[in-house]
Amino acid sequence: MMKAIIFDFDGTLANTLPICYYSFQSVFKEFDDKNLSPEDIRAMFGPSETGIIRENLVHPNKEQAIELYYEKYLEKHLHLVEPNNEMDELLRSIKENGHKLGIVTGKARRSLEISLKALQMEGLFDVIITGDDVINPKPHPEGIIKALSLLDLNKEDAMFVGDSEADIAAGVSAGLLTIGVQWLEDYQTADFITQPDRIIKEIKHFNHILNEFTIQSRL
């Protein structure tokens, strides 16, 4: 029986990709005098923001650059990330139906907490695994496996939902029912190489899919 829904965050639960792009662009322009496109930035995704800066910034002052990232992330969050009432209703309906909620994200905990507070999502999730909590980022399944362990659930008891190729590969590798989503204005992957069990393009269709698989698991 499906007992938990574990989500990616950026591009899945919230349209935070624009604020991520803006913050990285600000950092690399300030420290390396480099103009990065969203495609350039997506190509670096995997590690947390701190990991991306440490691995890709040429300038030696990595810690100052990381602080600038968080400064820009907080400064423009309200302007670049709009609340999504449909998403809020979905998450609350999932909780009300007795399912546990989780997040497995490559984001650092510090930026995730900024977003959860700004979007009034604090306290909704039973488990949160960030990029700070794993050695191997997605597409490695470490974060998902760790979330299942903390929830004390088997892989058959949960589904994983994400918008990137790395998300889908991680979910499939972990052995979970895996859903690819393209339901926000900005998402990471238009065509998945690893095939998810379902692809959802509108938030309103999620409960139908959840009910479908819940019924199947009872048969």
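Where a number appears in this text, it was derived from the coordinates with a stated rule and is not lab data. Please read these numbers as outputs of a predicted model, since none were measured by experiment. Here the Cβ positions follow ideal geometry from the backbone for every residue, glycine too, while neighbour counts run over all protein chains shown.
What the Kirkwood sum gives for segment 166-219 is a hydrodynamic radius of 12.0 Å, with every pair of different alpha carbons counted. For the chain, the longest principal axis of the C-alpha atoms and the axis of helix 109-118 are separated by about 70°.
For residue 128, the residues whose modelled amide H falls within less than 5 Å of its own, excluding neighbours fewer than 5 places apart on the same chain, are 103. Annotation: the residues 22, 73, sorted from fewest to most other C-beta atoms within 10 Å of their own C-beta, follow the order 22, 73. Helix 206-218 and the longest principal axis of the C-alpha atoms of the chain enclose an angle of approximately 50°. Projected onto its three principal axes, the C-alpha set of the chain covers 59, 32, 31 Å, listed from the longest axis down. Defining a contact as two alpha carbons under 8 Å apart and six or more residues distant in sequence, what relative contact order in percent does the chain show? It rounds to 26 percent for the chain. Under the convention that each Lys and Arg Cβ holds +1 and each Asp and Glu Cβ holds -1, the size of the dipole of the chain around its Cα centre is about 400 debye. In plain terms, the residue of 94, 135 with the fewest other Cβ atoms within 10 Å comes first and the most crowded comes last, giving 135, 94. Between the listed residues 31, 77, 52, the Cα displaced farthest toward the positive end of the dipole of segment 7-116, a dipole computed from Cβ unit charges relative to the Cα centre, is found at 52.
State which entries of 117/146; 3/138; 34/204; 29/201 exceed 29 angstrom in Cα-Cα distance in the structure shown. 34/204; 29/201, as the Cα separations exceed 29 Å there.
Highest average first, the peptides 9-15, 141-147, 35-41 ordered by how many other beta carbon atoms sit within 10 Å of their residues are 9-15, 141-147, 35-41. Can you compute log10 of I(q)/I(0) for segment 92-219 with the Debye formula, treating each Cα as one identical point scatterer, at q = 0.16, 0.17, 0.21, 0.22 Å⁻¹? These q points yield log10 I(q)/I(0) values of -0.84, -0.96, -1.55, -1.68. Residue-wise HN-Hα couplings along segment 68-77, as the Karplus relation 6.51 cos²θ - 1.76 cosθ + 1.60 with θ = phi - 60° gives them from phi, are 5, 4, 5, 4, 5, 4, 6, 4, 9, 4 Hz; Gly and Pro carry x.
The mean sequence distance of close C-alpha pairs (under 8 Å, at least 6 residues apart), as a share of the length of segment 22-152, puts its relative contact order at 23 percent.
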